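Below is one structure; the comments refer to it alone.
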Amino acid sequence: VRTYAAEALAQLGIVELPGNVGAALKKAQDEYAASLMTFGDNAGDHIALGWFEMERRNDPAAIAALERALKLAPSNPQPRVFLGVIAARSGDYAAAIREWKKVRSAQPGYPNIDRLIEEAERLRSAPGQ
């Protein structure tokens, strides 16, 4: 039950809480992340873990999980979308654009991919970038 609560709260953007509740949430998050690795050869679990770690702002763990997902399912666009989000969030718009263009090349109809690319291109060319 705790692990489901950790996932549900992350989906709502809640990844930190103060005090004892926060400590309990952190423990539940760690249990949830560990549960996703029960079957290490499942790309979907690696994608879920990548997303979850991305939400927790644990980018190294997110990147590792997403890269593993790509090895297991190279045609799945989700890991590349999330890798692009991580890159854009860190200000590396060129890397984000590269990832998202790979998605668009493989799946031209992927939802909002053109908008993501356009926004990253706009931010990349903004003064100070």
*Out of (1) 46, 31, 28; (2) 48, 28, 22; (3) 44, 35, 22, which label holds the value of Cα extents along the principal axes in Å that was computed here?*
(3)
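GluC sites (Glu not before Pro), restricted to the range 1-102: which are DSSP loop and have at most 15 other Cβ atoms within 10 Å?
On the way: sites: Glu7, Glu16, Glu31, Glu53, Glu55, Glu67, Glu99; in loops: Glu16.
When the GluC sites (Glu not before Pro) of the range 1-102 are filtered for loop state and at most 15 Cβ neighbours within 10 Å, Glu16 remain.
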_Give me the percent of accessible area attributable to carbon and sulfur for the chain, probe 1.4 angstrom._
54
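How much length would be gained if the chain were fully extended between Arg98 and Ala5, taking 0.36 nm per residue of separation minus their Cα-Cα distance, in nm to one decimal?
Full extension from Arg98 to Ala5 adds 30.0 nm.
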_chymotrypsin sites (Phe, Trp or Tyr not before Pro) within the range 1-103: DSSP coil, no more than 13 neighbouring Cβ in 10 Å_ = Phe39
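Which helices, counted as full DSSP H runs in the chain, have an axial Cα extent of no less than 15 Å and a Kyte-Doolittle average of 0.0 or above? Write down the numbers at each step before the final one.
Numbers: long enough: 19-35 (24 Å, -0.45); 43-55 (18 Å, 0.09); 59-72 (19 Å, 0.56); 78-89 (16 Å, 0.72); 93-106 (20 Å, -0.53); 113-124 (16 Å, -0.76).
Qualifying helices, which must be both long enough and hydrophobic enough, are 43-55, 59-72, 78-89.
The values are calculated or read from the model by the stated rules, or taken from the named source; none is laboratory data. Note that the structure is a prediction, hence the values are computed from the model and not measured. So basically every Cβ, Gly included, is an ideal-geometry build from the backbone, and we count neighbours across all protein chains shown. Only protein heavy atoms, including side chains, enter the accessible area calculation; ligands, DNA and RNA are left aside. Shrake-Rupley method; radii C 1.70, N 1.55, O 1.52, S 1.80 Å.
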